[in-house]
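The values are calculated or read from the model by the stated rules, or taken from the named source; none is laboratory data. Values in this document were obtained by computation on a predicted structure and should not be read as measured data. Positions of Cβ are generated from backbone atoms using ideal geometry, with glycine treated the same way; all protein chains shown enter the neighbour counts.
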């Protein structure tokens, strides 16, 4: 078995002989000084190797407010000082991270590979980004990208998690929503219920929740809202195109966030999308859909 040079020194720390000095007392002081330096620095001067993140996973990446989720990691250290701690970082701005982690797991000094996890549940809806920092006992560190080891042996990007509002109940609380928002929810439900009824005839299985709704007279505010609710960039662009095409900024409009759960080859998939409603709460394309449904009647 090959022993790490740093581990060899640790084993021999009490066996340093008073040599390399012309007299015995001076040699003893010289040996004591070496041991003192080693003890004081914790051998950090001999370990300049950064620990690494071997795996990093966040599951699930879309959930409802209040639901906890897990951040898994595997860490390793080859410098000899051993793993000291791993911290979990969270931000709502991927380009601006806080100075301190939101959670820290203390490690026992082993070299790894060592696997562990964090559990988190953000306080409010929105998109949250997660990353980890691992530190060894010599003060060397690395992040999920392994940026201090030239992104080796593998690199992971920060993971985004979308936290949604709790689904709106069938009986919409009128004190929380405007008349336009309530009417938009009602008409969107009418359309989606009819669509699900139609597709179930052909053996498709689908359910849905209305996650949230909000009225706007500004595309900028609407785009920010859709991003916060987890709508994809492409989905947001399509929605804004509809707002432009129908001139809805001048009349006001409503966005209804919908989560579909679809059975696909024996597995359930979750799809987050939105409906754009006009100033009367009518979903864009509603009349065409009604005509389609009449054709199936």
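Looking only at segment 132-161, residues that are more than 19 Å from the chain's Cα centre (by Cα) and within 21 Å of residue 70 (Cα to Cα) come to 1 in all. Residues in segment 107-140 that are in contact (Cβ under 8 Å) with a residue 24 or more places away in the chain and more than 16 Å from residue 74 (Cβ to Cβ): 15 in all. Count of segment 269-290 residues, restricted to those that are over 14 Å from residue 188 (Cα atoms) and modelled with pLDDT of 80 or more, is 3. Return the residues of segment 223-234 that are in a helix (DSSP H, G or I), under 18 Å from the mean Cα position of the chain (by Cα) and more than 21 Å from residue 282 (Cβ to Cβ); say none if nothing qualifies. Answer for segment 223-234, where residues must be in a helix (DSSP H, G or I), under 18 Å from the mean Cα position of the chain (by Cα) and more than 21 Å from residue 282 (Cβ to Cβ): 227, 228, 233.
Looking for whichever is outside any strand (DSSP E or B) and at pLDDT below 90 here; the options are 166, 220. Which one fits?
Among 166, 220, only 166 is outside any strand (DSSP E or B) and at pLDDT below 90.
With the structure loaded, tell me whether residue 124 is assigned by TED's automatic domain parsing to the domain that holds residue 68 and either in contact with a strand residue (DSSP E or B) (Cβ under 6 Å, 6 or more places away or on another chain) or in a strand (DSSP E or B) (or both) or whether it fails that test. So residue 124 does not fit the description; no.
Restrict the check to segment 51-60 and report whether at least one residue is outside the structural domain of residue 208 (by TED's automatic domain parsing) and modelled with pLDDT under 85. The answer is yes, given that some residue of segment 51-60 is outside the structural domain of residue 208 (by TED's automatic domain parsing) and modelled with pLDDT under 85. Taking the listed residues 266, 252, 247, the one that is within 34 Å of the chain's Cα centre (by Cα) and at pLDDT 85 or above is 252, with no other qualifying. Which residues, taken from segment 137-161, are crowded, with 19+ Cβ neighbours inside 10 Å and modelled with pLDDT under 90? Residues satisfying the conditions are 137, 138, 140, 161.
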